[in-house]
Every structure is written in structure tokens, then in C-alpha cells.
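Presented below is the structure to which this report refers.
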Amino acid sequence: MTEDIRLNSSKLGTQEYWNNFYKREIENFHDNPADTGECWFDDSDAELKMIQFLINHLNENSLPFEKEELKIIDLGTGNGHLLFQMHEDMDEDCEVNDQISLKYTGIDYSPDSVKFASDIAITKYEQASFEFDQVDLLQKESEFLAKHEGEYDILLDKGTLDAIALNNEPLEEHDGKIGMEIYSRQISKIMHKDSILLITSCNFTESELIKVITENGTNNLEVWDQIQYPSFQFGGIKGSTICSIAFIKK
Ligand SMILES: C[S@@+](CC[C@H](N)C(=O)[O-])C[C@H]1O[C@@H](n2cnc3c(N)ncnc32)[C@H](O)[C@@H]1O
């Protein structure tokens, strides 16, 4: 259904690449505990904008559900930096921080990412509520996705769908579909009605991302809000190098 949107396969679409990547980052962290690794899309301020987006909605009481405990999950968490930074900024900028409890979970299919993020959590954030788990988002019978069905209020994705879309290998357990075609179906298992998926991509344009996530408007995910980035104009076409869109589960 989204056959017209395909990226070229690359090593960044393989687990082997990410395992090696995080092995190196763990070594660097052990040599220098201040080095907590690569922050993807840092030049666009994507991480800060994603965090501010959530803080603004909390301050304005404009999330589509009311909860005293907010469960936040980062899909393909890497070094967990998005969650750690969110925890710090919530403490500083969120006006209702004392009225809600926040639970942060990070999942990634790379065991080295999970080890890295867990090491950082233990070393630097002993008091906070972080949990990291090794989960392949694309696994059809995933125990994690089944166990946490309908559980998370906010899902974050910074660069993970981008990485998944760099692998065009047909998945046997999904009738030969590729990762990006089953991503929405898989992640919406852990969303409840009105959960929000905030996703940032540098590989898809806004309209491509909407098509991929909503499966061309055929599933129960809809655009809810989005983050604005500086745009450029080239050959009469307006665009930006990155996009962040929030989807709601209907
Ligand atoms: C570009 S990195 C982004 C990492 C992190 N979100 C960040 O912003 O720093 C892509 C991440 O997606 C993870 N990933 C890719 N495919 C995955 C899958 N099928 N299930 C879970 N994680 C996956 C990789 O291990 C890697 O950590």
C-alpha cells in the first residue's frame, strides 16, 4: 500500500550494525563517564523540541486523556538520552510535575543498547524510574508487546522507524511484508485509545510519514499535532530536513 515509498537498504537497517555501534559507545562511556553517546538529530534540536512538545501539552492540560501516572515509552531507545533528558527537563519546566508520576521505559532490539542505557541509568539517575528492555518491535509474537497491550500513554520514536525503513528484507512471519509496512500495526498494540505516538524522521517527508503511519488512512492512527521546524524553499517546493508528527490512536 505504501510501495511507492521505499528507502534504499543500508547497513543502518541491521541489528549487527547497532550492536557494534553501542558496543563502541559502552567502551567510550567506560573510558569517560561524561560521554553518554550520540544524540541523533541534535543539529535540528529534535530531542529538545520533542520534550518541549510534551511539556507544553502537560502545562496546558491539552493531552487527550487524564492520568495521574503517565507511562512513556521510547521505541528504539539507543543510549536512552531522550528519556534521561526528558526526566531532567520535566523536573525543571513542567508545572504539573508534582501532580503526576512519570514512568519511563526504553526498548531496543540491540542488547548492547539496553546494557548501555541501563548502565547510564544506574550510574547517573539512581532515584528515577527508568526501565530498559530488549525488544524487537517487529517480532509478531513479541511477549513484551502482548504483556503491555494498551498500556502506554506516550510513545516516542526518534530515528527508529528511519532505521527500520532502511531494511527491505521481506519478513516471513509477516507474509513477506517489510518492517516499515508492519511498524504501525506492531506499535499500536501497546497504545490505548487516545495514546499519542510522537515520531521524528529525517528519511521521510511529512506526507510520506503520514502515509506510512496511517497506512494511507486505513488504520486507527490519525495526525493529532506536529512540531514546527525551520523550512527551506527549493525549486518552488517548501520543505524541512526533518519532521516530527504526533499521531493519536482512535
Ligand atoms: C538512529 S538510532 C536512534 C536511537 C535513539 N532513538 C536516538 O535518538 O538516539 C535507531 C535505533 O533503533 C533501534 N532499532 C532498529 N530496529 C529496531 C527494531 N526492530 N526493534 C527495536 N529497536 C530497533 C536501533 O538499535 C537503534 O538504537
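With respect to (1) crowded, with 17+ Cβ neighbours inside 10 Å; (2) touching a strand residue (DSSP E or B) at 6+ places or on another chain (Cβ under 7 Å); (3) over 17 Å from S118 (Cβ atoms), the lone exception for T77 is condition (3).
Criterion applied to L82, L63 was being within 13 Å of the ligand (Cβ to nearest atom) and either of a type in the set (A, V, I, L, M, F, W, C) or within 30 Å of D112 (Cα to Cα) (or both), and the one residue passing it is L82. One residue is enough: does the stretch 4-15 have a residue meeting the conditions within 14 Å of the ligand (Cβ to nearest atom), at pLDDT 95 or above and touching a Phe, Trp or Tyr at 6+ places or on another chain (Cβ under 6 Å)? No.
Just one residue in the set K115, K103 is open to solvent by 30 Å² or more (accessible area, probe 1.4 Å), in contact (Cβ under 8 Å) with a residue 24 or more places away in the chain and assigned to a strand (DSSP E or B); that residue is K103. Scanning the stretch 232-245 for any residue that is within 22 Å of G13 (Cβ to Cβ), among the small types (G, A, S), open to solvent by 30 Å² or more (accessible area, probe 1.4 Å) and more than 18 Å from the chain's Cα centre (by Cα) turns up nothing. Taking residues in the stretch 62-88 that are closer than 18 Å to Q15 by Cβ and assigned to a loop (DSSP other than H, G, I, E, B), and partners anywhere that are among the β-branched types (V, I, T) and within 10 Å of the ligand (Cβ to nearest atom), the pairs with Cβ atoms closer than 6 Å and at least 6 places apart or on different chains are G76/T160. Of the residues making up the stretch 169-222, those that are open to solvent by 40 Å² or more (accessible area, probe 1.4 Å), in a strand (DSSP E or B) and within 19 Å of L138 (Cα to Cα) are L171, K177.
Is it fair to say F41 is within 16 Å of the ligand (Cβ to nearest atom) and closer than 30 Å to D225 by Cα?
Working: within 16 Å of the ligand (Cβ to nearest atom): yes; closer than 30 Å to D225 by Cα: yes.
Answer is yes for this residue.
List pairs: first in the stretch 173-200 and closer than 23 Å to N8 by Cβ, second among the aromatic types (F, W, Y), Cβ under 8 Å, 6+ apart or cross-chain? Final answer for the pair search is I199/F247; T200/F41.
Those residues that are over 14 Å from K71 (Cα atoms), open to solvent by less than 20 Å² (accessible area, probe 1.4 Å) and either β-branched (V, I, T) or near the ligand (Cβ under 10 Å from one of its atoms) (or both), I need them from the stretch 145-158; list them, please.
Filtering the stretch 145-158 down to residues over 14 Å from K71 (Cα atoms) leaves 145-147, 157-158.
Filter once more, keeping what is open to solvent by less than 20 Å² (accessible area, probe 1.4 Å): 145, 157.
Correct list: D157 only.
The set of residues from the stretch 80-105 being more than 17 Å from K49 (Cα to Cα) and touching a strand residue (DSSP E or B) at 6+ places or on another chain (Cβ under 9 Å) comprises I100, S101, L102, K103, Y104, T105.
The values are calculated or read from the model by the stated rules, or taken from the named source; none is laboratory data. Predicted model, so just to flag it, every value in this text is computed and none were measured. All Cβ positions, glycine included, derive from the backbone under ideal geometry; neighbour counts span all protein chains shown. Calculation scope for accessible area: heavy atoms of the full protein, side chains included, ligands and nucleic acids excluded. Shrake-Rupley method; radii C 1.70, N 1.55, O 1.52, S 1.80 Å.
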